[in-house]
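For reference, the structure discussed in these notes is given below.
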Amino acid sequence: MGYTLIYYFKNNDMKKIIVLSLFAGLFFAGCKKDPTVVSSTVEVSYPTITITGNPYYSIQVNGGLPSIQATAYDSVLRTPCTVILDQSSLDNTTPGLYTVTASAKNKYGMTTYKTVFVGVTNVPATLDVSGIYFRSANPNKVANVTKLATGMFMTDNVGGVDIVAAPGSVFSAVFVVTSNTTLTFGSQQISPGTLTSASETLNLATPITFSYIIPSLPNTFSQTAVRTFVHQ
């Protein structure tokens, strides 16, 4: 009978794994053979997940779920890894932004995660709210909005902070326009933690404006401030 124990340590700033294989003693003629320990050291590595195609999907309400394809490979171990896609949170009957988590682990259990965004909406493909926006008419509180898919957009300054005074609080986030008057960020992970939104409004009149409250991310943004952005 054998056992494999895995230990982790750092050596010269490089993570390593010690793999110890312990082979149980055998009994011959009443004598017990000492256990044999075989060790080896390998570099810690993680699989790299590659999403086939675009990691941003948009489907119509009540439409079919997207066929997401992904592969994973550990370049250190030189082995492919199985990708598991968790689509349990998707609800194609309700407009909104949803995330699908792709995960893959190597033979040592080192796991990598990657997020795929899925928007559910009935807005037309021609709808486009991309462009440059100022918050509170302050050119230092600027957000660049880009279109990712039908009804799906990314802002590079979700907090609408002063990029000169607070560069460390500038974070990107994805949102979905769910109707001509509303949008949502769903629930997604950004650098400080889990981002959600509330009191979202959208006005497609010229100039386009949108606003929302970020009731999450304590100690990062005000949890009650209404953030209004005006297209330039």
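The values are calculated or read from the model by the stated rules, or taken from the named source; none is laboratory data. As the structure is a computational prediction, the values presented were derived from the model and not from experiment. So basically every Cβ, Gly included, is an ideal-geometry build from the backbone, and we count neighbours across all protein chains shown.
Points to keep in mind about this one:
- So residue 125, is it in a loop (DSSP other than H, G, I, E, B) and either modelled with pLDDT under 95 or outside the structural domain of residue 55 (by TED's automatic domain parsing) (or both): yes
- Subset of the stretch 222-232 (residues that are assigned to a strand (DSSP E or B) and either of a type in the set (A, V, I, L, M) or under 16 Å from residue 168 (Cβ atoms) (or both)): 226, 230
- Cβ separations smaller than 6 Å between residues 6+ apart or across chains give the following pairs from the stretch 209-221 residues that are in a strand (DSSP E or B) to residues that are among the β-branched types (Val, Ile, Thr): 209/230; 211/201; 211/226; 211/228; 213/226.
- When residue 112 is tested against (1) buried (at least 19 other Cβ atoms within 10 Å of the Cβ); (2) in contact (Cβ under 8 Å) with a residue 40 or more places away in the chain, only condition (1) is not met.
- The residues of the stretch 180-192 that are surrounded by 14 or more Cβ atoms within 10 Å (Cβ to Cβ) and part of a loop (DSSP other than H, G, I, E, B), listed by number, are 182, 185, 186, 187, 192.
- Considering residues of the stretch 58-98 that are in a strand (DSSP E or B) and in contact with a Gly (Cβ under 7 Å, 6 or more places away or on another chain) only, the residue surrounded by the fewest Cβ atoms within 10 Å (Cβ to Cβ): 96
- Residue in the stretch 155-166 that is among the polar types (S, T, N, Q), at pLDDT 95 or above and under 14 Å from residue 210 (Cβ atoms) present: yes
- Single residue of the stretch 116-159 satisfying the filter (aromatic (Phe, Trp, Tyr) and crowded, with 20+ Cβ neighbours inside 10 Å) that is nearest to residue 91 (Cα to Cα): 117
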